[in-house]
Amino acid sequence: MNAPAPSSLRLVLTLAIAGLISGIAIIGIYESTLPTITANKARELREAVFKVLPGVSEMQQLVYRDGKLVATEERRKDEQAVYGGYDRAGDFVGYAIPAAGPGFQDTIGVLYGFTPKQKRVVGMEVLESRETPGLGDKIYKDADFVGSFSALSIEPNIVVVKKGTSARPNEIDAITGATISSKAVVRIINEAHAEWSERLPPVGAEPPLGETDPVTTEGSP
Amino acid sequence: MKQNDSYEEFIKGIWRDNPVFVQVLGMCPMLAVTNSAVNAIAMGLATFFVLVGSSFLVSSFRSWIPKQVRISCFIIIIATFVTVADYTLLALVPKVHKELGAFIPLIVANCMILGRQEAFSSRYPVRLAVMDAMGMAGGFLLALFSLGAIREILGDGALFGIDLFGENFEPWIIMILPPGGFLTLGVILLFFNWFKLKKDEFLADVAEAERSGR
């Protein structure tokens, strides 16, 4: 311990070797876990899309590019995308649209299913949320609240009303004790709907199910 | 004799020098991720892996690492293990990883881990260093689990997500919110200090009795 101070070269070499070994170890673990991680993400996205669009058995990513929707797996960072859902016969059913916005604590990310023919929201799934446990997290734990998005009219937009007073097809009950979070979810969907309704092609002109395999990567909304 | 040594190094971390309840180290993950028993155990196991792995390496290379750059070397070793734990959790249990969020990368800043390298692993042979690390990490895991279990039972009426009390239980939501962490930890620390006080009194009594008996 009390040996004379080692040369600077020795110090530099020690750190360099330690860094090198560490770098190799990190690359190793990154490379070996990457396939599982991407597969997990893709599976989560698939499950979410199938949940918000009942009756769908195939999906593909539709990227909004140059004013229209293009069925492609590649998406650049600044491009937005929705997911098209198709039934067993390959006919178009609806869109699963990812949307995000501020909640009570942090950003809430949701995915909602929209059928353009009926102009209805047919399902909603919270993908990302840091809402208060026990209160705000009811936006995905409360089956009644989640269920109220299963046949919801979105024209002109969704309205949150006090618990037990929803009467019209575009009204839903707020969650007691989580009014801000439930309003946030509805606002996020309304805003996304306003944004996307101009971009989506007219009913009947949706991009057909392509030959490409279903989406596997870059799924995060 | 040797057996006793390593046993002693192991048990001191679990109880007498428990990193959380006695040394009061690693408070940040302690308060942040103990809102359910599963999260607490996942965090405890990740920390266990990092601490034991780093202690093993630091102790093995202790004569090679010049003491001028030892802290940097410890941090490199710890950070590598943390990254490995991070990716492994993300691949194997994405749900738990999502809940723990930023606190897995933050294991690198857990002063308990760097503290053990500096105070123990860099001075003792591998066997003792690993026993010490296992004891400390075991004590940390135990502490995280007791906090997580108490908070989940009171705050959610469940343990490991299994409902315990049925419909009529009104959960104390505050227990799974940040204040619940402070309250629970405070009560447990109170108990540990009271226990230590009683033990010291008892030992003093015994010593007194021995002296007067002689």
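Values quoted throughout were computed directly from the atomic coordinates according to the rules given, and no laboratory measurement underlies them. Every value quoted in this text rests on a predicted model; they were computed, and no experiment measured them. Positions of Cβ are backbone-derived with ideal geometry, glycine not excepted, and every protein chain shown enters the neighbour counts.
Under a no-solvent Debye model with one identical scatterer per Cα of region B:2-213, what's log10 I(q)/I(0) at q = 0.17 Å⁻¹? Those come out to -1.14, one per q.
For chain A, the longest principal axis of the Cα atoms and the long axis of helix A:179-197 meet at an angle of about 80 degrees. Post the alpha-carbon centroid distance, region A:38-70 to region B:145-214, in whole angstrom. Going from one Cα centre to the other spans 48 Å. The base-10 log of I(q)/I(0) for region A:42-197, evaluated at q = 0.09, 0.12, 0.15, 0.17 Å⁻¹, reads -0.28, -0.49, -0.77, -0.98 [Debye formula, identical scatterers on Cα atoms, solvent excluded]. When you work out D = kT/(6 pi eta Rh) for region A:41-129 at 25 °C and 0.890 mPa s, using the Kirkwood radius from C-alpha pairs as Rh and the Stokes-Einstein form, the result is 181 µm²/s. Between the C-alpha center of region B:45-67 and that of region A:150-182 there is a gap of 56 Å. Couplings 3J(HN,Hα) of region A:136-147, computed from phi: x, 6, 5, 4, 10, 8, 7, 5, 5, 5, 4, x Hz, in residue order, whole Hz [Karplus 6.51 cos²θ - 1.76 cosθ + 1.60, θ = phi - 60°; x for Gly and Pro]. Computed from the alpha carbon atoms alone, the convex hull of region A:1-95 holds 168 Å³ per residue. Here the Karplus curve 6.51 cos²θ - 1.76 cosθ + 1.60, taken at θ = phi - 60°, turns the phi angles of region A:34-50 into couplings of 3, x, 5, 5, 5, 5, 4, 4, 5, 5, 4, 5, 4, 4, 5, 4, 5 Hz, with x standing for Gly and Pro.
Inter-chain neighbour count for A:16-24: the average number of beta-carbon atoms from partner chains within 10 Å of each residue's beta-carbon is 4. Peptide packing for A:56-65, B:90-99, A:145-154 was compared via the average number of neighbouring C-beta atoms within 10 Å per residue; ordered from the highest value, the list is A:56-65, A:145-154, B:90-99.
Find the relative contact order for region B:2-213 and round it to a whole percent, using C-alpha pairs within less than 8 Å whose residues are 6+ positions apart.
Averaging sequence separation for qualifying contacts and normalising by length gives 34 percent for region B:2-213.
Within chain B, the whole DSSP H helices whose Cα atoms reach 20 Å or more along their own axis and whose mean Kyte-Doolittle score is at least 0.5 are B:37-60, B:70-92, B:126-156. With 20 Å as the limit, the listed pairs A:Lys51/A:Lys163; A:Lys41/A:Lys119; A:Lys41/A:Lys77; A:Lys119/A:Lys163 have A:Lys51/A:Lys163; A:Lys41/A:Lys119; A:Lys119/A:Lys163 beyond it between alpha carbons.
The amide H of A:Gln60, built 1.01 Å from its N in the peptide plane, has A:Gly84 as neighbours under 5 Å, considering only residues 5 or more places off or on other chains. Within a straight-line Cα-Cα reach of under 12 Å, B:Lys67 can be paired with the following aspartates and glutamates, leaving aside sequence neighbours fewer than 8 residues apart in one chain: B:Glu118. Consider all pairwise Cα distances in the protein assembly as shown and report the whole-number % of them above 39 Å. Here the long-distance tail beyond 39 Å is 39 percent of all Cα pairs in the protein assembly as shown. Close amide H partners of B:Leu159, meaning residues 5 or more places away or on another chain with modelled amide H under 5 Å apart, are B:Leu164.
Projection of the Cα convex hull of region B:132-205, averaged over all directions and equal to a quarter of that hull's surface, yields 7.0 nm².
Take each residue in A:38-44, count the other chain C-beta atoms within 10 Å of its C-beta, and the mean is 2.
Projecting the Cα atoms of A:Ala42, A:Val186, A:Asn170 onto the charge dipole of region A:42-197 (Cβ charges, centred on the Cα centre) puts A:Asn170 farthest toward the positive pole. In the protein assembly as shown, helical runs assigned H by DSSP with n ≥ 4 each contribute -39500 (n - 2.57); averaged across all residues and rounded to the nearest 500, the mean residue ellipticity at 222 nm is -17000 deg cm²/dmol.
Near the amide H of A:Arg120, within less than 5 Å, lie the amide hydrogens of A:Thr115, all on another chain or at least 5 residues away, with H placed in the peptide plane.
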